[in-house]
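Trainee: Let me give you the structure first, and then I'll get to my questions.
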Amino acid sequence: MAFAPSGPEASFFEVLDQHRASLLATLRRGGGEPAGGGTRLASSSEVLASIENIIQDVITSLARNEAPAFTIDNRSSWENIKFEDSVGLHMISHCTTRKIKSDSPKSVKNFALILKILSTIYKLVQSNTYATKRDIYYTDSQLFGNQTVVDNIINDISCMLKVPRRSLHILSTSKGLIAGNLRYIEEDGTKVNCTCATGKGVPDLNTRLLVKKLWDTFHIPVFSLVDADPHGIEIMCIYKYGSMAMSFEAHNLTVPAIRWLGLLPSDIKRLNIPKSTLIPMTKRDQMKLDSILKRPYVTCQPFWRKEMEIMGDSKMKAEIQALTFLSSDYLSRVYLPNKLKFGGWI
């Protein structure tokens with residue numbers, strides 16, 4: 001929720017200090033720290049033992065003339081996802097599962113690919129070496145078919161073993177960027193350090209881990225600046241509340257303290273941004289917006305809902321670059337300083 005600082009001459013520091021104090025007060029009340037549970041960093045010996053247990057189960061099934069199968073939590077059903085404001089989207093303790101069977105024509109290939117990647121992970125952990133998801137894909141690109149298959153299997157294995165992906169010695173090919181010691185300069189010449197992180201669209205795991213680490217370590221205010229379109233909102237939601245696909249690791253990735261700084265759909269009208277600089281929403285955009293509006297966390301974000309309804313009613317979206325209509329440096333010289341100084345976030 002946005003708030004106004006006490007007094008018209010309140011400085012950037014005063015506003016941010018007020019916001020930081022409110023975040024810390026929430027933490028002390030128990031409303032901002034992870035509620036526990038979820039995946040944890042596992043030692044190499046624990047990961048190796050878990051894989052050995054899985055393979056032992058496969059061998060035991062074969063010895064009994066039974067078709068082995070993997071049991072994996074169903075990460076694609078909202079029935080298995082719980083929302084908590086202090087954590088975001090995370091899996092419930094006793095969720096429904098799905099079977100990856102070795103005797104089913106529909107799943108036998110997936111069963112074999114899981115075994116193959118488990119073998120790769122075992123060798124990586126045992127030798128204390130690392131590989132990227134892309135490296136694994138290129139070990140047999142024709143067999144895997146595409147990178148998405150590898151990504152999904154790695155997430156399934158991480159969920160099945162109940163350990164974070166980084167404990168599997170598998171790295172993301174990072175696309176994110178971070179710039180530290182950036183400076184915001186007030187009218188009186190006061191310089192304020194800040195850090196800017198971007199996942200270049202949908203954030204990769206490493207970028208999310210970094211933002212989470214900054215929050216956990218320093219409890220500094222974290223703001224989201226995204227395009228005023230459904231996909232921009234989706235990106236912000238992933239940082240703040242997580243995603244279904246990685247809900248089993250939400251406690252390690254989400255930063256519920258994030259606030260939406262801009263670009264707000266209401267800013268478009270407030271700043272008289274001409275329609276010629278806006279972009280009509282597509283059917284896909286509308287479907288994405290409708291999907292977000294149905295998510296459980298929207299009920300506790302009435303200001304977010306109002307902004308999304310403004311977007312849906314206008315049937316228009318805007319990129320951050322639309323602000324250049326006002327001036328080439330409007331974003332850095334006017335928009336951000338005023339937003340930060342006067343608490344213009346939700």
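The values are calculated or read from the model by the stated rules, or taken from the named source; none is laboratory data. Please read all numbers here as calculations on a predicted model, not as lab measurements. Using ideal geometry, Cβ is built from the backbone for each residue, glycine included, and neighbour counts are taken over all protein chains shown. Just the protein is used for accessible areas: all its heavy atoms, side chains included, with ligands, DNA and RNA removed. Shrake-Rupley method; radii C 1.70, N 1.55, O 1.52, S 1.80 Å.
Trainee: Just checking, does the stretch 139-147 include any residue being within 18 Å of residue 57 (Cβ to Cβ) and loosely packed, with under 13 Cβ neighbours inside 10 Å?
Mentor: no
Trainee: Can you say whether residue 258 is under 30 Å from residue 25 (Cα atoms) and either within 22 Å of the chain's Cα centre (by Cα) or in contact (Cβ under 8 Å) with a residue 60 or more places away in the chain (or both), as far as the supplied structure shows?
Mentor: So residue 258 fits the description; yes.
Trainee: Please count how many residues of the stretch 313-343 are in contact (Cβ under 8 Å) with a residue 24 or more places away in the chain, part of a loop (DSSP other than H, G, I, E, B), open to solvent by 80 Å² or more (accessible area, probe 1.4 Å) and over 15 Å from residue 232 (Cβ atoms).
Mentor: 2
Trainee: If we keep just the residues of the stretch 83-101 that are of a type in the set (D, E, K, R) and out of contact with any Ser or Thr (no Cβ under 7 Å at 6 or more places or on another chain), which is least open to solvent (accessible area, probe 1.4 Å)?
Mentor: Here the answer is 84.
Trainee: Right, something else. Just checking, does the stretch 70-88 include any residue being farther than 25 Å from residue 255 by Cβ, modelled with pLDDT under 85 and of a type in the set (D, E, K, R)?
Mentor: yes
Trainee: Now for a different question. Could you tell me which residue of the stretch 102-138 is surrounded by the most Cβ atoms within 10 Å (Cβ to Cβ), considering only residues that are of a type in the set (Val, Ile, Thr) and more than 19 Å from residue 55 (Cβ to Cβ)?
Mentor: If we take residues in the stretch 102-138 being of a type in the set (Val, Ile, Thr) and more than 19 Å from residue 55 (Cβ to Cβ), then 132 is surrounded by the most Cβ atoms within 10 Å (Cβ to Cβ).
Trainee: Tell me whether the stretch 289-306 contains one or more residues that are small (Gly, Ala, Ser), more than 23 Å from residue 221 (Cα to Cα), open to solvent by 30 Å² or more (accessible area, probe 1.4 Å) and out of contact with any Leu (no Cβ under 7 Å at 6 or more places or on another chain).
Mentor: Within the stretch 289-306 (the criterion being small (Gly, Ala, Ser), more than 23 Å from residue 221 (Cα to Cα), open to solvent by 30 Å² or more (accessible area, probe 1.4 Å) and out of contact with any Leu (no Cβ under 7 Å at 6 or more places or on another chain)), the answer is yes, since at least one residue qualifies.
Trainee: Please go through the stretch 151-170 and pick out each residue that is charged (D, E, K, R) and outside any helix (DSSP H, G or I).
Mentor: 162
Trainee: Okay, moving on. Within the bounds of the stretch 249-264, is there any residue that is surrounded by fewer than 21 Cβ atoms within 10 Å (Cβ to Cβ) and acidic (Asp, Glu)?
Mentor: No, the stretch 249-264 has no match at all.
Trainee: A further question on this structure: What about residue 137, is it among the aromatic types (Phe, Trp, Tyr), touching a residue at least 24 places away in the same chain (Cβ under 8 Å) and under 25 Å from residue 42 (Cβ atoms)?
Mentor: When the stated conditions are applied, residue 137 does not pass them.
Trainee: What's the number of the condition residue 282 fails, among (1) open to solvent by less than 30 Å² (accessible area, probe 1.4 Å); (2) over 30 Å from residue 74 (Cβ atoms); (3) among the hydroxyl-bearing types (Ser, Thr, Tyr)?
Mentor: Just one mismatch for residue 282, condition (1).
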